[in-house]
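Below is one structure, written out as structure tokens; comments come after it.
The values are calculated or read from the model by the stated rules, or taken from the named source; none is laboratory data. In this text, all values refer to a predicted model and were calculated from it rather than measured experimentally. We place every Cβ from the backbone using ideal geometry, glycine too, and count neighbours over all the protein chains shown. The area values use the complete protein model at the heavy-atom level, side chains included, leaving out ligands, DNA and RNA. Shrake-Rupley method; radii C 1.70, N 1.55, O 1.52, S 1.80 Å.
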Amino acid sequence: MVDRHAVERIVKAAEPAGLVLEPGSGEGVLTTALASTGAHVIGYELDPLLAAKLRARTRDHAGIEIVKGDFTAARPPEEPFAVVGNIPYSITSKIVDWCLTAEHLTSATLLTQLEYARKRSGDYGRWSLVTVLSWPWFTWELLGHVERTSFRPVPSVDSAILRIDRRPDPLVVDERAYRDLVELGFTGVGGSLRASLERHHRHVARAFRAARIDPDTVVAFVHPDQWITLFRELHG
């Protein structure tokens, strides 16, 4: 990343404090910017040459620790931490999955492919399975676009800042039952969301009215908050 303004936007969106893990530190542009806020940054870099150069360059900075290795293979810290990174497009889903399953993660601020950020944040007006499944525990927000010209070499697509925040209190208690409901709804069995749910639940029509969902609504257009209402109505 060669655009200092884009780096500043990521840092501002991340609001780094305490322990911060950075996937793919590269040459350390974002690493040093995060550490300059007072955060303790652990940067992961798979390329041994880049990792060695960055470690040598930052050896006198007490707030930076460089680890040569795969971020997604790392064990999550046993204390509150955030993840901030300009991540490779090819492993975006793998990094997001790691974040969503890390017990002590407070937030993840990730520079991703624009299309990915729009899909996960509902910016297209549609909602993905990943977002709906995690909604009781996490919020998803698109915090701005980053032009492809901010990078060297210049990629073929633009990027976006995606922030995922853990909710202070989950919206549902029974995670397994909620996941079962959502996964059933996304199967498309029966030809519609309502038909899918009616295969295993009673009072689906009443639940749709409570959630203000039209009976013919396609599953992708059901807002995650409406899924919470459906769950409470069907499992109350």
Considering only segment 204-231, state which residues are polar (S, T, N, Q) and part of a loop (DSSP other than H, G, I, E, B). 217
If residue 120 meets every condition in (1) surrounded by 15 or more Cβ atoms within 10 Å (Cβ to Cβ); (2) of a type in the set (D, E, K, R); (3) at pLDDT 95 or above; (4) more than 17 Å from the chain's Cα centre (by Cα) apart from one, which number is that one? (4)
If you take the residues of segment 1-26 that are over 18 Å from the mean Cα position of the chain (by Cα) and over 22 Å from residue 68 (Cα atoms), which of them is most open to solvent (accessible area, probe 1.4 Å)? 4
Restricting to segment 36-45, name every residue that is open to solvent by 10 Å² or more (accessible area, probe 1.4 Å) and either out of contact with any strand residue (DSSP E or B) (no Cβ under 7 Å at 6 or more places or on another chain) or not charged (D, E, K, R) (or both). 36, 37, 38, 40, 42, 44
Within segment 132-146, the residues that are crowded, with 19+ Cβ neighbours inside 10 Å and over 27 Å from residue 8 (Cα atoms) are 132, 133, 134, 135, 136
Restricting to segment 37-73, name every residue that is over 22 Å from the mean Cα position of the chain (by Cα) and among the small types (Gly, Ala, Ser). 38, 51, 52, 56, 62, 63
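Listed here are the residues, each with its yes/no results for (1) in contact with a strand residue (DSSP E or B) (Cβ under 9 Å, 6 or more places away or on another chain); (2) open to solvent by 60 Å² or more (accessible area, probe 1.4 Å); (3) without any contact (Cβ under 8 Å) to a residue 60 or more places away in the chain; (4) over 28 Å from residue 140 (Cβ atoms).
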site	(1), (2), (3), (4)
47	yes, yes, yes, yes
51	yes, no, yes, yes
81	yes, no, no, no
86	yes, no, no, no
Exactly one condition in (1) β-branched (Val, Ile, Thr); (2) in a strand (DSSP E or B); (3) more than 16 Å from residue 10 (Cβ to Cβ) is false for residue 154; which is it? (2)
Taking only segment 160-203 into account, find how many residues are touching a residue at least 12 places away in the same chain (Cβ under 8 Å), outside any helix (DSSP H, G or I) and out of contact with any Leu (no Cβ under 9 Å at 6 or more places or on another chain). 8
Only one residue in 196, 159 is polar (S, T, N, Q), open to solvent by less than 40 Å² (accessible area, probe 1.4 Å) and in contact with a strand residue (DSSP E or B) (Cβ under 8 Å, 6 or more places away or on another chain), so which one is that? 159
Does at least one position in segment 170-182 carry a residue that is touching a Ser or Thr at 6+ places or on another chain (Cβ under 9 Å) and either open to solvent by 60 Å² or more (accessible area, probe 1.4 Å) or more than 22 Å from residue 81 (Cβ to Cβ) (or both)? no
